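Encoded as structure tokens, the structure appears first; notes follow it.
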Amino acid sequence: MKKISPEVKTGVIAILTIAAFIWLYSFLKGHNLFSRTDSYTVIYENIAGLEGSSPVEINGFKAGVVNNVKLMNDGSGRIAVGFSILKDFRIPEGSVAEITTATLIAGMKIRMVMADNSTGYYQRGDTIPGRVAVSILDKAEQQFEPVMMKVDSLLYHLSIAMERINSIMTEEFASDLAETNSNIASATGSLEVMLAGTEESFPSLIEGIDRFTAMLNNNSNNIDETISNLKSISDTIAAADIYGAVINLRNNLDQTNSLLTKINNGEGSAGMVFNDDSLYLNLSASLESLNSLLNDLRENPGNYVHFSLFGRKTEK
């Protein structure tokens with residue numbers, strides 16, 4: 001038996017190694033050199049990121065793989081995609097090769113949408129119609145678009161309202177408001193001084209409040225009707241111009257500020273009541289005189305009342 005030379009052995013080993021490398025490379029790229037497949041072509045306007053070796057599925061089963069992706073040299077910008085499918089699968093005429101997402105994170109694939117009631121099948125090398133599926137994100141964007149338009153409209157109206165409020169809340173308005181609060185605090189202090197001398201009248205005041213509460217209970221039906229009318233009035237007011245109402249509020253605050261300033265300065269009857277204690281002193285003096293008169297009447301009734309069974313004797 002003739003011995004095989006080392007050179008031949010080395011050549012055979014090199015050829016087997018190269019063949020194994022080619023098979024392994026093809027297998028990793030999704031091609032099986034030992035399986036029989038049929039190749040097809042699809043023309044797309046847009047492949048949405050589809051790449052070579054992407055899977056081709058039929059009803060969720062991986063039946064083939066994308067072999068190549070080439071830009072057509074006809075000036076149209078279309079892309080020719082070649083893929084292969086095992087011979088066991090026959091594609092009915094009218095089926096569509098749809099590009100869709102392989103996973104929720106990344107990757108694309110071809111999903112064969114099989115035609116119903118087809119009378120024939122595509123042959124090896126035929127061109128199959130293709131399309132790109134609407135993604136989940138595109139559907140979500142279409143559904144949320146009306147909501148986003150409403151949000152934009154709301155933000156626009158809020159911006160206009162804030163601009164109007166800012167035009168009203170000037171430094172002068174804030175200063176007037178602070179001065180008004182100061183005058184109200186001063187008037188409140190004056191009222192506390194006046195009320196300090198009327199603590200003894202609180203029981204009668206409480207009694208009056210009780211009678212007022214009883215009156216409210218007796219007229220609850222009328223009050224409910226009144227509240228209903230007020231609600232209808234408030235609904236009408238709610239539909240009024242808020243901007244004009246704020247302007248009127250500013251004018252009223254200016255008038256209130258002027259009135260409280262006059263009261264603090266002692267102008268008018270109300271100013272004299274709040275700032276001049278002569279009324280209180282005169283009233284106290286009158287009560288003391290009346291109290292003295294009543295005590296004298298109780299102790300010396302004869303000085304004021306003369307009664308005789310036979311009549312009063314005429315003085316000579």
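Computed from the coordinates by the stated procedures, all read-outs in this text should not be read as laboratory data. Computed from a predicted model, the values in this text were never measured in an experiment. Cβ placement follows ideal geometry from the backbone for every residue including glycine, while neighbour counts extend to all protein chains displayed.
Quick notes on this structure:
- When the alpha carbon gyration tensor of the stretch 36-133 is reduced to an equivalent ellipsoid, its three semi-axes come out at 20, 16, 13 angstrom, largest first.
- Near residue 217, once Lys and Arg are set to +1 and Asp and Glu to -1 for all other residues with Cβ below 15 Å from its Cβ, the sum equals -1.
- Positive minus negative residues near residue 174 (Lys, Arg vs Asp, Glu; Cβ under 15 Å): -4
- Spin-label model distance (nm) - residue 71 vs residue 167, 7 Å beyond Cα toward Cβ: 5.5
- When you filter the trypsin sites (Lys or Arg not before Pro) in the stretch 35-76 for DSSP loop state and at most 16 other Cβ atoms inside 10 Å of their Cβ, you are left with 36.
- The stretch 55-98 and the stretch 208-232: distance between their alpha carbon centers, rounded to Å: 82
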